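**Student:** Got a structure for you, written out below as structure tokens; questions coming shortly.
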Amino acid sequence: MAYYVQNEPQSIPTLVDALQSWTVDILKKLAALVGDGKNLPTRKADLIEYIRRHTEGERLQTLWSRLDPVQQAAVAEVVHGPDARFNAGRFEAKYGQSPNWGENRFYNSNPSLLGVFFHGGIMPDDLRRRCGSFVPKPEPAQLSPQEEILDEWALTYKEWDQETRKLKVYQNRVPIIRCLTERGAIHDLKAVLRLIDAGKLAVSDKTQQPGAAALRTLGGLLLGGDFYDDSEYGEYDKIGPIKPFAWPLLVQAGGLAPLSGKTLQLSKAGQKALGEPVEKTIAQIWRRWQKTTLIDELRRIDCIKGQTGKGKRGLTAVAGRRAAIHQALQHCPAGRWIAVNDLFRQMRATGADFEVTRDPWNLYIAESGYGSLGYEGFHDWKILQARYALCLLFEYAATLGLLDVAYIPPHDARPDYRGNWGTDDLPFLSRYDGLLYFRINPLGAYCLGLADRYQPVAPEVSSTPVLRVLPNLEIVAIGTSLEPADTMLLDSYAAKTSDAVWKLDQARLLEALEEGHDITVLAELLVSLGGQPLPETVERFLEDMTRRARSLKTTGTARLVECADAVLATLIANDSRTKPFCLLAGERHLAVATESEARFRGALRKLGYSLPK
């Protein structure tokens with residue numbers, strides 16, 4: 001981050017003005033760099049004139065040619081940049097290193113030749129204009145997208161070897177998990193909306209966030225479950241929910257399910273979304289997420305404290321942070337893997353980054369004194385901005401199905417926070433630290449405005465079948481073991497009859513449909529993992545189940561009104577004033593839609609009757 005003193009100059013008119021601020025000792029060293037080092041003047045005014053004279057005309061270009069390539073790049077970035085100040089963070093992000101400034105950078109006792117061009121980090125205006133005639137324009141910072149990524153990630157560890165009295169460095173290779181999110185998000189959105197429509201998703205009336213019970217319910221409902229399976233970790237190493245936590249907030253932010261008491265209820269937009277193309281709904285949710293104030297993603301970085309205390313006043317608006325990341329994604333090519341560190345480098349190198357706080361001193365880890373993020377090295381980009389961006393990308397963009405992700409467990413994945421006070425006992429700084437790569441898929445391209453329409457990708461058919469679908473409706477696992485996500489999906493739709501056999505069953509399928517699952521997802525999975533078309537009997541069975549599932553639908557809730565006798569019920573059901581608002585339900589009962597109840601009561605009074613509340 002860049003924190004400048006308010007009165008610090010942002011420009012210097014001439015080189016002579018810049019030289020006036022230096023001591024005679026520094027001027028002598030600068031004069032020795034531009035001249036031959038012989039017969040140097042001793043008075044300050046004479047030294048300034050000597051340096052000015054040796055930077056006149058073509059001599060300035062000669063001096064520039066003596067700079068090494070990195071120093072020349074530093075000059076070029078400022079000469080062709082937006083202002084005269086050298087941006088150290090942006091330069092280091094683009095070139096991976098800092099230029100050689102000499103012994104102590106700007107305020108040093110032994111400046112390098114670069115010290116002639118920059119004074120207090122600023123290039124004098126006259127030098128900047130003159131350098132513009134011969135210094136070539138630097139190449140813009142570019143992303144390095146990849147068609148394929150590695151299957152493993154090397155984690156580097158360092159340990160002190162007591163026997164050799166040396167630092168031992170070794171690597172541990174961890175498999176990279178690839179998650180194609182598009183199909184899962186389409187399934188999950190419908191499942192979550194149906195769960196809400198059934199009145200079964202409760203959230204806190206204060207924070208509007210799901211509690212432990214809701215998280216468990218959602219975890220079992222989502223296609224493939226969450227990104228991580230916490231049952232594999234001990235209490236100290238648990239990662240915590242990602243997708244189950246995100247969905248209740250996403251549907252609220254999207255205007256699909258407002259809070260009513262402690263339960264979410266579908267709005268008209270939410271009810272409409274059940275029958276609309278899913279990609280339009282997801283695009284709407286992403287647009288509205290950009291400005292929602294339901295949550296600041298930084299709050300999900302649990303170990304950063306002070307966010308609800310003094311530190312809250314210094315936090316920047318979340319809309320600005322999200323907009324910066326959204327714009328960065330729009331400059332990424334769709335369909336190719338991007339390393340998240342490469343995205344961060346690109347954002348910083350192009351000045352398209354953002355601030356999380358204006359005052360990091362009131363944010364801290366473990367303890368507000370020693371653990372304050374205001375200390376040098378605590379508030380740099382990788383601690384605050386990177387963790388914020390990782391959360392937005394992993395928990396919200398990937399959950400919505402915009403980004404395919406490749407990741408490892410977060411433990412030790414980003415050890416850049418190690419060495420900071422209070423972090424020794426942390427297995428990771430954030431649960432999102434394991435995110436390594438992302439890829440904008442067709443759904444993401446549509447939602448980010450990179451494509452005019454959504455064109456879903458057909459699931460790949462496995463070249464090595466791992467399932468066999470039999471005409472008798474049995475599904476048999478063969479060959480290599482199934483992925484955990486595929487096993488969980490089969491368990492959702494079919495009854496397991498043995499360790500490697502599932503049976504398609506009408507009751508189980510209907511139960512899955514009631515829970516919000518989609519038979520199309522099952523059919524695609526069976527074809528993909530089986531490597532061949534489904535048997536005719538299975539196709540007919542699934543088509544019949546799909547037809548049955550579409551035969552009935554919930555259109556809303558109703559009040560059941562009991563009449564004194566069948567004659568009165570028939571009268572009210574057929575009278576022109578009450579008929580539009582009720583239906584005959586049996587001989588003596590009327591069904592009145594909840595949204596029509598007020599108008600039914602008014603019409604009923606005109607008929608000469610009333611309904612107690």
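**Student:** Only helices (runs of 4 or more DSSP H) wholly contained in segment 484-588 count here; list those with 1 or more residues that are of a type in the set (S, T, Y) and touching an Asp or Glu at 6+ places or on another chain (Cβ under 7 Å). Give the steps one after another, and end with the answer.
**Tutor:** Values: elements: 484-493, 506-514, 519-530, 536-551, 566-574.
In segment 484-588, the matching helices (runs of 4 or more DSSP H) lie at 519-530.
**Student:** Report yes if P82 is touching a residue at least 40 places away in the same chain (Cβ under 8 Å), assigned by TED's automatic domain parsing to the domain that holds D25, within 30 Å of E49 (Cα to Cα) and within 32 Å of the chain's Cα centre (by Cα), otherwise no.
**Tutor:** Considered against the rule, which asks whether it is touching a residue at least 40 places away in the same chain (Cβ under 8 Å), assigned by TED's automatic domain parsing to the domain that holds D25, within 30 Å of E49 (Cα to Cα) and within 32 Å of the chain's Cα centre (by Cα), P82 comes out as yes.
**Student:** A follow-up question, please. Which one of these does Y228 not meet: (1) under 30 Å from A558 (Cβ atoms); (2) in contact (Cβ under 8 Å) with a residue 60 or more places away in the chain; (3) of a type outside the set (A, V, I, L, M, F, W, C); (4) assigned to a loop (DSSP other than H, G, I, E, B)?
**Tutor:** If we test Y228 against (1) under 30 Å from A558 (Cβ atoms); (2) in contact (Cβ under 8 Å) with a residue 60 or more places away in the chain; (3) of a type outside the set (A, V, I, L, M, F, W, C); (4) assigned to a loop (DSSP other than H, G, I, E, B), just (1) comes out false.
**Student:** Are any of the residues in segment 133-142 closer than 30 Å to K29 by Cα and aromatic (F, W, Y)?
**Tutor:** Within segment 133-142 (the criterion being closer than 30 Å to K29 by Cα and aromatic (F, W, Y)), the answer is yes, since at least one residue qualifies.
**Student:** Right, another one. Of everything in segment 397-410 that's out of contact with any strand residue (DSSP E or B) (no Cβ under 8 Å at 6 or more places or on another chain) and under 15 Å from G240 (Cβ atoms), which residue is surrounded by the most Cβ atoms within 10 Å (Cβ to Cβ)? Walk me through how you get there before you give the answer.
**Tutor:** Here is the first cut: in segment 397-410, the ones out of contact with any strand residue (DSSP E or B) (no Cβ under 8 Å at 6 or more places or on another chain) are 399-401, 410.
Those still in the list that are under 15 Å from G240 (Cβ atoms) too: 399, 410.
Values: T399: 26, P410: 22.
Here the residue is T399.
**Student:** Follow-up question, since we're still on this one. I'd like to know if segment 226-233 contains one or more residues that are assigned by TED's automatic domain parsing to the domain that holds W289, in contact with a strand residue (DSSP E or B) (Cβ under 8 Å, 6 or more places away or on another chain) and at negative phi.
**Tutor:** So far as segment 226-233 goes, yes, one or more of its residues are assigned by TED's automatic domain parsing to the domain that holds W289, in contact with a strand residue (DSSP E or B) (Cβ under 8 Å, 6 or more places away or on another chain) and at negative phi.
**Student:** Additional query: Criterion first (assigned to a helix (DSSP H, G or I), of a type outside the set (V, I, T), over 22 Å from R431 (Cα atoms) and in the same structural domain as D433 (by TED's automatic domain parsing)) does R322 satisfy it?
**Tutor:** Against the criterion (assigned to a helix (DSSP H, G or I), of a type outside the set (V, I, T), over 22 Å from R431 (Cα atoms) and in the same structural domain as D433 (by TED's automatic domain parsing)), R322 does not qualify.
**Student:** I want to confirm something. Restricting to segment 529-558 and keeping residues that are at pLDDT below 80 and of a type in the set (S, T, N, Q), which single residue is farthest from I475 (Cα to Cα)?
**Tutor:** Going through the qualifying residues, I end up with T555.
**Student:** For Q330, which of the numbered conditions (1) more than 16 Å from the chain's Cα centre (by Cα); (2) at pLDDT 95 or above fails to hold?
**Tutor:** Unmet condition: (1).
**Student:** Do any residues in segment 549-566 that are within 8 Å of H589 (Cα to Cα) and assigned by TED's automatic domain parsing to the domain that holds L513 have Cβ atoms under 6 Å from those of residues that are modelled with pLDDT of 95 or more and among the hydroxyl-bearing types (S, T, Y), where the two are at least six apart or on different chains, and which pairs are they?
**Tutor:** Matching pairs, first to second residue: none at all.
**Student:** May I pose another question? Please work out if R173 is more than 24 Å from the chain's Cα centre (by Cα) and under 28 Å from L426 (Cβ atoms).
**Tutor:** Taking the combined requirement at face value, the residue satisfies it.
**Student:** Identify the residue in segment 494-517 that is under 21 Å from D197 (Cα atoms) and surrounded by fewer than 20 Cβ atoms within 10 Å (Cβ to Cβ) and, among all such residues, is modelled with the lowest pLDDT.
**Tutor:** By that ranking, first place goes to E515.
**Student:** Let me ask something else. Inside segment 80-189, counting only strands (runs of 3 or more DSSP E) that do not spill past its ends, which hold 2 or more residues that are out of contact with any Asp or Glu (no Cβ under 6 Å at 6 or more places or on another chain), among the charged types (D, E, K, R) and more than 30 Å from I285 (Cβ to Cβ)?
**Tutor:** In segment 80-189, the matching strands (runs of 3 or more DSSP E) lie at 152-161.
**Student:** When you look at V79, is it under 12 Å from C131 (Cα atoms) and modelled with pLDDT of 95 or more, yes or no?
**Tutor:** yes
**Student:** Then there's this: Quick check on segment 518-546: of everything there that is within 37 Å of the chain's Cα centre (by Cα) and of a type in the set (D, E), which residue is surrounded by the fewest Cβ atoms within 10 Å (Cβ to Cβ)?
**Tutor:** Applying the filter and picking the extreme gives E524.
**Student:** Residue check, V5 against (1) assigned to a helix (DSSP H, G or I); (2) aliphatic (A, V, I, L, M); (3) at pLDDT below 95, all met but one. Which one?
**Tutor:** Only one criterion is unmet by V5, namely (1).
**Student:** So how many residues does segment 337-372 have that are closer than 20 Å to E92 by Cβ, modelled with pLDDT under 90 and either crowded, with 20+ Cβ neighbours inside 10 Å or among the aliphatic types (A, V, I, L, M) (or both)?
**Tutor:** 2
**Student:** Return the residue satisfying two criteria in turn: it lies in segment 411-461 and is within 18 Å of T181 (Cβ to Cβ), touching an Asp or Glu at 6+ places or on another chain (Cβ under 6 Å) and not basic (K, R), and of such residues it is surrounded by the fewest Cβ atoms within 10 Å (Cβ to Cβ).
**Tutor:** Among those that are within 18 Å of T181 (Cβ to Cβ), touching an Asp or Glu at 6+ places or on another chain (Cβ under 6 Å) and not basic (K, R), it is P459.
**Student:** Which condition number does D36 fail, the rest of (1) modelled with pLDDT under 90; (2) surrounded by 15 or more Cβ atoms within 10 Å (Cβ to Cβ) being met?
**Tutor:** (2)
The values are calculated or read from the model by the stated rules, or taken from the named source; none is laboratory data. Values in this document were obtained by computation on a predicted structure and should not be read as measured data. Backbone-built Cβ (ideal geometry, glycine too); neighbour counts: all protein chains shown.
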